[in-house]
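Written below as structure tokens is the structure these notes are about.
The values are calculated or read from the model by the stated rules, or taken from the named source; none is laboratory data. From a predicted model like this one, the values you see are computed outputs, not experimental measurements. Backbone-built Cβ (ideal geometry, glycine too); neighbour counts: all protein chains shown. When the accessible area is computed, the model is the full protein with side chains, heavy atoms only, and any ligands, DNA or RNA have been set aside. Shrake-Rupley method; radii C 1.70, N 1.55, O 1.52, S 1.80 Å.
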Amino acid sequence: MRDASFEFLKNLVAAPSPSGYEQPAQRVFRDYVGQFAETSTDVLGNVISFIPGSGDNRLKVMLVGHCDEIGFQVKYIDDNGFIWFGAVGGVDPHITIGQRVVIHSAGGAVTGVIGRKPIHLLETKDRDSIIKLDNQYIDIGAASRKEAEDLVRMGDPITFAAELTPLHGDRVASRGFDDKAGCFVVAEVMRLIAEAGEKPPVDLYGVSSVQEEVGLRGGKTSSYSVDPDVGICVEVFFSSDQPDVDKKLNGEISLGKGPVIPRGMNINPFLFDLLTATAGREEIPVQLIGLPRASGTDANVMQVSRSGVATALVNLPLRYMHSPVEVLSLSDLEQAAKLIAAALYGLTDREALIPC
């Protein structure tokens, strides 16, 4: 991966962005994409970038990846300075105990830990029990409510204290790859098109959406405002190349073997064929899956926006989703960006989008 792109990815995942608090990550996205495209931000916080295409009667294409991540929010501070919190998005209570966290307050970052009673003091029957998030608390080292309130206030967002860490080969771990990895790919497609010698026959909109983890909200409003003919959502998907994921239920998906192209009711048939044909022509490895249900991504709301949009999904294999140690392969991100950029040149026939 080129150095500037990797630095952008690092900065993007490091920027805190629990749903509703995405501004730091959106500033990183806007600063990077602003080098290649016109950018604007709407009232919900979606960042929309734009590159005009070439030719007449151009299709309007919208790419989207959401920048919000799961996290927490300060709800209560007790008399001893311990902080009680609520989940933002789908947080697994199995993994939170013992984690380092960062509270993003007006005065700066405040480090804390999620603690619990030592195992020595637990009743035998409680050792295998899940402690609900409502019964977990954060220790920032404060000795009183007053000390804690001098540092944080109600509603402050909280993230896991985990940033991008290189693993063996081209694999990296971080919190927030769901879906800053997709957001990154959208930005890279915009860069590739801006640097291309020939512009594609489409008007291209690259969107970093917000509040996906709490109801696909940014995808819904940005789709309405852009009003695209074609929508391509870039999202993460469950990799099954780990011991405890059933391939029969989730498909055979591996890190480093290319982006995942789903088929199903969320996917326009022409766009599926276009993406797979483009992958073959450009010698880009891809993995195929069946998706016999709604995808649970921004593609859902994009597809039914206004009078309907021809939609597709490009998924990125990911291990340990919704944890502080999500793992992916950098080559999958690069291949996804190349695939989407190349496929845009095949969007010349508006009638082909209509299933028949």
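Of the residues PHE36, PHE50, PHE8, only one is farther than 24 Å from LEU151 by Cβ and either of a type in the set (Gly, Ala, Ser) or within 16 Å of the chain's Cα centre (by Cα) (or both); which? Every option except PHE8 fails the conditions. Applying the set (1) touching an Asp or Glu at 6+ places or on another chain (Cβ under 7 Å); (2) at pLDDT 95 or above to GLY115 leaves exactly one unmet item: (2). Surrounded by fewer than 19 Cβ atoms within 10 Å (Cβ to Cβ) and touching a strand residue (DSSP E or B) at 6+ places or on another chain (Cβ under 6 Å) - does that describe any residue in segment 299-310? The answer is no, given that none of the residues of segment 299-310 is surrounded by fewer than 19 Cβ atoms within 10 Å (Cβ to Cβ) and touching a strand residue (DSSP E or B) at 6+ places or on another chain (Cβ under 6 Å). Taking the condition β-branched (Val, Ile, Thr), closer than 30 Å to ASP229 by Cβ and touching a strand residue (DSSP E or B) at 6+ places or on another chain (Cβ under 7 Å), does VAL61 pass? So VAL61 passes the test. Picking from residues in segment 176-192 that are of a type in the set (D, E, K, R) and out of contact with any Leu (no Cβ under 7 Å at 6 or more places or on another chain), the one that is nearest to PHE160 (Cα to Cα) is ASP179. Looking across segment 166-180, the residues that are within 14 Å of LEU316 (Cβ to Cβ) and in a loop (DSSP other than H, G, I, E, B) come down to ASP170, GLY176. For SER323, the stated conditions do not hold, so it cannot be described as under 22 Å from ALA173 (Cβ atoms), of a type in the set (Ser, Thr, Tyr) and assigned to a helix (DSSP H, G or I). Might you let me know whether segment 113-135 holds any residue that is farther than 19 Å from SER323 by Cβ, free of Cβ contacts under 8 Å to residues at least 60 places away in the same chain, part of a strand (DSSP E or B) and not aromatic (Phe, Trp, Tyr)? No, segment 113-135 contains no residue that is farther than 19 Å from SER323 by Cβ, free of Cβ contacts under 8 Å to residues at least 60 places away in the same chain, part of a strand (DSSP E or B) and not aromatic (Phe, Trp, Tyr).
Residues in segment 121-143 that are of a type outside the set (D, E, K, R) and modelled with pLDDT of 90 or more: LEU133, ASN135, GLN136, TYR137, ILE138, ILE140, GLY141, ALA142, ALA143. For first residues located in segment 16-32 and of a type in the set (Phe, Trp, Tyr), partners that are crowded, with 24+ Cβ neighbours inside 10 Å and not in a loop (DSSP other than H, G, I, E, B) and lie 6+ apart or on another chain with Cβ distances below 7 Å form the pairs PHE29/LEU12; PHE29/VAL47; PHE29/CYS183; PHE29/ALA187; PHE29/SER208; TYR32/ALA187. I'd like to know if segment 233-247 contains one or more residues that are touching a helix residue (DSSP H, G or I) at 6+ places or on another chain (Cβ under 6 Å) and among the aliphatic types (A, V, I, L, M). Yes, segment 233-247 contains at least one residue that is touching a helix residue (DSSP H, G or I) at 6+ places or on another chain (Cβ under 6 Å) and among the aliphatic types (A, V, I, L, M).
Scanning segment 95-142 for residues that are hydroxyl-bearing (Ser, Thr, Tyr) and more than 16 Å from LYS75 (Cα to Cα) gives THR96, THR111, THR124, SER129. Among residues of segment 234-250 that are among the charged types (D, E, K, R), those with a beta-carbon under 6 Å from a residue that is surrounded by 14 or more Cβ atoms within 10 Å (Cβ to Cβ) and part of a strand (DSSP E or B) at least six positions away or on a different chain give the pairs GLU235/ASN315. Scanning segment 142-157 for residues that are outside any helix (DSSP H, G or I) and either open to solvent by less than 30 Å² (accessible area, probe 1.4 Å) or in contact (Cβ under 8 Å) with a residue 60 or more places away in the chain (or both) yields ALA142, ALA143, SER144, VAL152, ARG153, MET154, GLY155, ASP156, PRO157. When the strands (runs of 3 or more DSSP E) confined to segment 1-109 are screened for residues that are open to solvent by 50 Å² or more (accessible area, probe 1.4 Å), those reaching at least 3 such residues are found at 38-41, 71-77.
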